[in-house]
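The values are calculated or read from the model by the stated rules, or taken from the named source; none is laboratory data. This structure is a prediction, so every number in the text was calculated from the model and none was measured. Glycine gets a Cβ as well: all are built from the backbone with ideal geometry, and neighbour counts include every protein chain shown.
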Amino acid sequence: MPDVAQDERLATLSAQEMVAGYKAGSFTPIDTVEAVIARLEALQKPLNTMVADMFAQARVEAKAATEAWRRKQPTGLLCGVPVTIKDLIYVRGVRGGAGSILLKDFVTPVDAVPVERLRHAGAILTCKTTTCESGYKLTADSPLTGITRNPWRRDRTSGGSSGGAAAAVAAGAGPLALGTDGVGSIRVPASFCGVVGLKPSFGLVPRSPGFAPPPWASLAHTGPIARTVGDVALMLSVIAGYDVRDAGSLPVSSADYAARLDDSGDLRVVFSPDLGYAPVSPDVAKAVKAAVDALAKAGVRIETAKIALDPDSLDGILRPIAFTEQAAAVGKRSAVELEQSEPEYAQVIDRGRQYSGTDYIAATYRRGALREKFRLLFDSCDLLVTPTVATTAFAAGTLGVDTIDGSKVDGHLGWSPFTWPMNLAGLPALTVPCGFDRDGLPIGLQIVGPWLGEDRVLRLAALFEKIRPWGGTRPSVI
């Protein structure tokens, strides 16, 4: 009879712990993959995190990885480590509906570049995870797959659009997930579910081929979600680096991002509680301030930032760019076809089609000014810290909240005012858990660096994780 407690323990190990266990011969990839599969299956009904499983192939690959470790010839940094893949990202030969009823039978023809690199590193793909339709909103609900729920409270959203990825990792269904982030879609669910999520610098991790439909063309990033900073750094080391097939890919090599996590150095950090324009819930503000104070007590030099973003940035910059790119991604869909989508998604497409070319270009000019504001900020500091999201997880099945601390906000994107500016600027931004609200829901601290500043972002995150250990904190889902 299987040891259920042992299986659950293996499923909740970090990737680094799994690799260490394989090396020591304490357990095998067969053991961990079976444990993760069991956990994913058990979570499907209460949380709804999976779109399509790849269990049969995962078991085949687990046997091969077990033999590779037995011969002491692991195939890469992640040999035998289970990974989930968000459903906006192609996995060759697997259904990729991207949350759309119209794509429910679409089988993706190639691996996305990060998936290809994960395979080469020996990672074992276990399933595709839920997302909203085309990643258009910050939850993971869709007409195709239904509602994905938060493992801390099932009446609350997981966040999104990488919601299935974050919920599965938080609930102990494997250590690593690959997500995407166009306006906060890695950091919002990671914050809501109490895990670590990184949106790398734009272009550091290639997207094409194998990212479709291609919404948020100039905004979307691909990056890792995990329970520990070390695992995020390890996964980034595998998926980062130039690829000529992606026109937005930066001509830089990957690096060993896990090598210097213990070296926090003499980092100069500025803290902005609101970016000069955003209302924040009292519970979030309190937890984030306590986190900043903890970093200061640990010796980090922290000053309060004087950065103030334009309150009109959402309507004047983000929407003309994001909605136009979203509309272009599905430009051939008719009104009849869009009736199979959520009404809010159809509204986004309609709005995007109404912007003119002049509107789009004018927004890119304003985007350039925003980018320059951040460039000047990072001339005088190493990192910026803010709340990740202005609120905690709201009711499952809803689009968002329209009021925060008595102030009206946009119900679609206004409650996440700290995430999408970093997409507009293309900056690396990571969320790390920093506390709970009065309902027991996780709160995230966002750490933002200059372009290609992932190393210092991860170093500060690792220091915070060291003084506020989190990796063993998990919800009781089932």
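Quick notes on this structure:
- In this entry, LEU78 is excluded by the filter for residues that are of a type outside the set (Gly, Ala, Ser), assigned to a helix (DSSP H, G or I) and at pLDDT 95 or above.
- A single member of GLY368, GLY397, GLY453, GLY444 is crowded, with 21+ Cβ neighbours inside 10 Å and of a type in the set (Gly, Ala, Ser), and it is GLY444.
- Residue check for ALA296: in contact with a Gly (Cβ under 7 Å, 6 or more places away or on another chain), over 30 Å from GLY97 (Cα atoms) and part of a helix (DSSP H, G or I): no
Listed here are the residues, each with its yes/no results for (1) buried (at least 24 other Cβ atoms within 10 Å of the Cβ); (2) closer than 22 Å to GLY397 by Cβ; (3) modelled with pLDDT of 95 or more.
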{"residue": "ARG92", "(1), (2), (3)": "no, no, yes"}
{"residue": "ALA123", "(1), (2), (3)": "yes, no, yes"}
{"residue": "GLY146", "(1), (2), (3)": "no, yes, yes"}
{"residue": "SER162", "(1), (2), (3)": "yes, yes, yes"}
{"residue": "GLY179", "(1), (2), (3)": "yes, yes, yes"}
{"residue": "ILE186", "(1), (2), (3)": "yes, yes, yes"}
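- Filtering segment 94-121 to residues that are over 29 Å from ALA396 (Cβ atoms) and either part of a strand (DSSP E or B) or touching a Cys at 6+ places or on another chain (Cβ under 8 Å) (or both) leaves VAL107, ALA121.
Yes or no, residue by residue, for (1) surrounded by fewer than 24 Cβ atoms within 10 Å (Cβ to Cβ); (2) more than 22 Å from GLN326 (Cβ to Cβ):
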position	(1), (2)
PRO82	no, yes
ASP87	no, no
VAL110	yes, yes
SER142	no, no
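- When VAL115 is tested against (1) surrounded by 24 or more Cβ atoms within 10 Å (Cβ to Cβ); (2) in contact with a helix residue (DSSP H, G or I) (Cβ under 8 Å, 6 or more places away or on another chain), exactly one condition is not met: (2).
- Any hit, segment 6-28, residues being touching a strand residue (DSSP E or B) at 6+ places or on another chain (Cβ under 8 Å), surrounded by fewer than 24 Cβ atoms within 10 Å (Cβ to Cβ), in a loop (DSSP other than H, G, I, E, B) and not hydroxyl-bearing (Ser, Thr, Tyr): no
- Of the helices (runs of 4 or more DSSP H) lying entirely inside segment 304-421, those carrying at least 2 residues that are in contact (Cβ under 8 Å) with a residue 60 or more places away in the chain are 319-329, 343-354, 357-379.
- For beta carbons closer than 6 Å, sequence separation of 6+ or different chains, a first residue in segment 284-301 that is farther than 27 Å from TRP415 by Cα and a second that is surrounded by 14 or more Cβ atoms within 10 Å (Cβ to Cβ) and among the aromatic types (Phe, Trp, Tyr), there are no qualifying pairs.
- Residues being part of a strand (DSSP E or B), of a type outside the set (S, T, N, Q) and crowded, with 24+ Cβ neighbours inside 10 Å - total across segment 425-441: 5
- Residue check for SER185: in contact (Cβ under 8 Å) with a residue 12 or more places away in the chain, more than 17 Å from VAL81 (Cα to Cα) and more than 13 Å from the chain's Cα centre (by Cα): no
- Members of segment 259-268 that are touching a residue at least 60 places away in the same chain (Cβ under 8 Å) and at negative phi: ARG260, LEU261, ASP262, ASP263, SER264, LEU267, ARG268
- Taking (1) among the small types (Gly, Ala, Ser); (2) touching a Ser or Thr at 6+ places or on another chain (Cβ under 6 Å); (3) over 19 Å from GLU34 (Cα atoms) in turn, ALA112 satisfies each apart from (2).
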